[in-house]
1. Please list, ordered by first then second residue, the pairs with beta carbon atoms under 6 Å, 6 or more apart or interchain, first in segment 232-255 and over 30 Å from residue 283 (Cα atoms) and in the same structural domain as residue 281 (by TED's automatic domain parsing), second aliphatic (A, V, I, L, M) and surrounded by 10 or more Cβ atoms within 10 Å (Cβ to Cβ).
2. Looking at segment 9-47 only, could you name the residues that are crowded, with 17+ Cβ neighbours inside 10 Å, assigned to a loop (DSSP other than H, G, I, E, B) and among the charged types (D, E, K, R)?
3. Only one residue in 143, 110, 160 is part of a strand (DSSP E or B) and either of a type in the set (A, V, I, L, M, F, W, C) or within 29 Å of residue 17 (Cα to Cα) (or both). Which one?
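The values are calculated or read from the model by the stated rules, or taken from the named source; none is laboratory data. Remember, predicted model here, so these are calculated numbers, not experimental data. Virtual Cβ from ideal backbone geometry, glycine too; neighbours counted across all protein chains shown.
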Amino acid sequence: MILSIVVPIFNEQESIPELIRRLEGLRKRLSPELDVKFIFVDDGSTDESQSMLMGLANKHEFVKLISFSRNFGHQIAITAGIDHAEGDYVAIIDGDLQDPPELIEDMYKLAQQGYDLVYGRRRSRSGETWFKKISATVFYRLLSYMCDIDIPYDTGDFRLMSRKVAGAFRSLRERHRFVRGMVPWIGFNSVALEYDRDQRYAGQTKYPLRKMISFAATAILSFSRKPLTIATRIGVITVVVGLVGALYMLYLKLFTGTPVPGLTAILTTIVIFGGMQIFLIGLVGEYIARIFEEVKGRPLYIIDQTRNL
């Protein structure tokens, strides 16, 4: 049987030597039973990552390299790796060594018990700031509430899937991708492997706050209509509140001697509800923008060069 391990890479030159050492150790342990192949996807790195991986691919046929023409993003890199993976099982792991490669062996053993998908669930997150831990917890709980599918808590892209799950995933070609939501959407039997996540081996995180917010927005807008439903409810509530307020002021004007609130109250109300309208229009615009991106039908990525594919 063949196991393909997909590794997206973006500016990881400090981590690559240790990553290769641990992956090759995993390959040796699994070699009596599995033919393990590595698929590195260089996502437009600007350091020495591509040349290091190219040198490795030139030495070993089991090392495959896909090099993008530019940076297309982490989720697209994972997609390209799965597109070109062969064999009975496909594993996904990041190149920063926060997810221990050795656990892929444990994932494979679980898969042998009849599971099509084994995903890593983080029991702890070493080396991360309190803000990152709290924001991750809030994100997964919010995502679970907002989305129409059951996305497991505290999981990333670290997982192992069977051939049929990988084949079904290849049929999903939307541009705004959230892999850890797309895979559960496919279905099939799945099980969690709990583990303690290590701190980044070297270099800087590729997901600063700005990208994390964008990633969260992609997740919610790609898998849920609830933002639009909430927007509709806010609109109805606003109309009801406005009508009640208008009737109340009319009552004060006609039946009491109480003066109707003046210009300040009116301007404040206009500003608040005007801002709310702009926000809701922007929300609808986000959905429309995604439709616009999809209908253009551009390829998800452009490959510059490959080795051993």
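1. Every condition considered, the pairs that remain are 249/260; 252/260; 253/260.
2. 12, 14, 43
3. Numbers: 143 fails: part of a strand (DSSP E or B); 110 fails: part of a strand (DSSP E or B).
That would be 160, the only listed residue that is part of a strand (DSSP E or B) and either of a type in the set (A, V, I, L, M, F, W, C) or within 29 Å of residue 17 (Cα to Cα) (or both).
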